[in-house]
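Data first, discussion second: the structure below is written as structure tokens.
What follows draws every value from the coordinates through simple rules; no lab data is involved. Please read these numbers as outputs of a predicted model, since none were measured by experiment. Here the Cβ is made from the backbone with ideal geometry for all residues, glycine too, and neighbour counts use every protein chain on show.
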Amino acid sequence: MSRKCRLGRPDQRSAEAKGEQWRNELRLLEGLKIPRRYKPEEFGDPKAIELRHFSDASQAGYRQCCYLRLLNESDQAHCSLVMGKSRVTPLKSVTIPGLELTAAVVSVRVSQWLGHELDYQDVTEFFWTDSKVVMGYINNVTRRFHIFVANRVQQIHEHTRAKQWHYIDTHSNPADAASRGLTAKQLEMIITDGSVALASYGTLVPIKQK
């Protein structure tokens, strides 16, 4: 029994340290400002507009986030977080690839909703997932899948094209933040700075010109 107690003490100290760090960072949230404008005042009229969707899943849940990327006449780009969704894993057992596929469907649904809500025309959309299994599902048009997979792949194919989907490394996926957790400072960076979606993929998928 005493050995078990000794083995548990480092974990307890680690949990206490994390709790103390979390409490100390709460004050940073007081100064957190969320920009309400997607386009800076001096940015001018955009000549190209993109919505960039990222999805991810784990045993704890699945999530997605969406960035709006604008390019003006001076070829200056501006990127901002539009919205994010996070849901816990259902009680019924679902595999990780199944959850990843469900997260991809959420990205598609968010895309549809934003299409009605955003006052922009000629928007080009891209979707990223860090699951190669999901990429295989989306790009496969000949194989017959189990009904769970087939229904979700069908939803994706009805509203998007396979060439809109791309693979992203897990550590570069901004949607992964919902599972690994964020400090208050990191949260501010994700909300106010779209560098992940802007800089990392600006050359991977060229923005569509009007």
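May I ask you to list the trypsin sites (Lys or Arg not before Pro) in the range 7-103 that are in a DSSP loop and have at most 16 other Cβ atoms within 10 Å of their Cβ?
Working: sites: 13, 18, 23, 27, 33, 36, 37, 47, 52, 63, 69, 85, 87, 92; in loops: 33, 36, 37, 92.
Listed in order of number, the matching sites are 33, 36, 37, 92.
What aspartates and glutamates does residue 132 reach when the alpha-carbon gap must be under 13 Å and sequence neighbours fewer than 8 apart in one chain are set aside?
56, 100, 169
Restricting the count to DSSP beta bridges whose residues both fall in the range 32-199, what percent are antiparallel, rounded to a multiple of 5?
On the way: 22 of 32 bridges.
Counting DSSP beta bridges with both partners in the range 32-199, the antiparallel share is about 70 percent.
If the cut-off is a Cα-Cα distance under 18 Å, which aspartates and glutamates reach residue 33, setting aside same-chain residues fewer than 8 apart in sequence?
25, 41, 188, 193
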